[in-house]
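Below: one structure, written as structure tokens.
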Amino acid sequence: MEAFKLMKELKSNLDLEVQYLPKETGLRLIESTQENSNGVSAKCRDARVEDLWSLTNFFGYSTQTFVLAVNLLDRFLAMMKVQPKYLACISIGCLHIAVRVTEGECNVSSSHELIRISQCKFTVSDLSRMEKIISEKLNFQFKAVTALTFLHLYHAIALSHTSNRKDVLNLDKLEAQLKACLCRIVFSKAKPSVLALSLLMLEIEALQSADLLEIAHRIQTHLKISKADLGRWRGLVGQCIRDYSSPECAKPDHKKLVWIVSRRTAQNLHSSYCSIPELPTIPEGVWDESESEDSSEDLSSGEESLSSSLGSDAEGPYFPSNFLSRARRL
């Protein structure tokens, strides 16, 4: 009975996932954008996602919060023409929205805290206005169906069909691998159901469990996922995981990060985040509603670009060490 309910829930989420996919035309435009141009490049986007991962660990947010924040960010970037100087404000705005949706009230950080810890140069008012823009452009559709939704359902279905302890899948490991994949924009083009099944299949192959493999194939058949589609994404996911597992790749500590600072450093941090921001005022009335849905809209300004808002200098292919290095210096 439990397995039947899970499969029914799986099918209903499959019908909904397309509503929360970023526009593929917008994602391709980001991928084709050159570095140091007037638009957001793939490297710039990936670096901001790495920073979101850093902040998620720092504040102890859940994987659900991180995955939702990335989904909101990609959906927004895929429909808007964004100058790099606004990207930091947009990404923090997406994270703040995701926190309010997924975290309990006691774990919702204030706008002041997010701005101070991220060390971005914009005001609470800027962040509030950006969140309003993001919310309106996404039609307030925040409770998205994501790859994490399917990963949890797949995991629950597998548990309901096996009693062998050796066959127990490590959900924390699967979630960590999903977060690594989301730090590459290419995986934003995958259907969440296919991306999650690719992760599941690779983990089952590593466990060498015939029973779990049979369950995974049944899920594939139930969702009508083609062998070609699954094979393509499994290959990309496998390469990503191999890169992530290499010693050269900087990876996050899964413990919540803690800064221990002196009183003088704390005063400097406080004064710096209260100083006059360099981020240009977000222009209003930039939306041209007469444009077709397929064309990207423009969020731009003629002000000087904000170099400190760019995330392209983040270290490591997945997890930036800038937060950890700052902590060590402090």
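The values are calculated or read from the model by the stated rules, or taken from the named source; none is laboratory data. Everything numeric in this text was worked out from a predicted model, so none of it was measured. FYI the Cβ positions are ideal-geometry reconstructions off the backbone, even for glycines, and counts take in every protein chain you see. Note: areas computed on protein heavy atoms with side chains; ligands, DNA, RNA excluded. Shrake-Rupley method; radii C 1.70, N 1.55, O 1.52, S 1.80 Å.
General remarks:
- Hits in the range 101-148 - residues which are under 30 Å from Leu200 (Cβ atoms) and of a type in the set (Lys, Arg): Lys143
- Condition broken by Leu29, with the remaining ones in (1) over 20 Å from Tyr86 (Cα atoms); (2) open to solvent by 20 Å² or more (accessible area, probe 1.4 Å) satisfied: (1)
- Helices (runs of 4 or more DSSP H) fully within the range 1-63 counting 2 or more residues that are in the same structural domain as Leu73 (by the TED database): 24-32, 42-59
- Among residues of the range 99-112, those that are surrounded by fewer than 17 Cβ atoms within 10 Å (Cβ to Cβ) and in contact (Cβ under 8 Å) with a residue 12 or more places away in the chain, counted: 3
- Test: residue in the range 86-93 that is in a helix (DSSP H, G or I), open to solvent by 10 Å² or more (accessible area, probe 1.4 Å) and modelled with pLDDT of 90 or more: no
- Residues of the range 38-60 that are among the acidic types (Asp, Glu) and open to solvent by less than 20 Å² (accessible area, probe 1.4 Å): Glu50, Asp51.
- Criterion applied to Leu153, Leu127, Leu174 was being in a helix (DSSP H, G or I), outside the structural domain of Arg48 (by the TED database), open to solvent by less than 10 Å² (accessible area, probe 1.4 Å) and farther than 14 Å from Leu52 by Cβ, and the one residue passing it is Leu174.
- Members of the range 188-203 that are open to solvent by 10 Å² or more (accessible area, probe 1.4 Å) and part of a helix (DSSP H, G or I): Ser188, Lys189, Pro192, Leu202, Glu203
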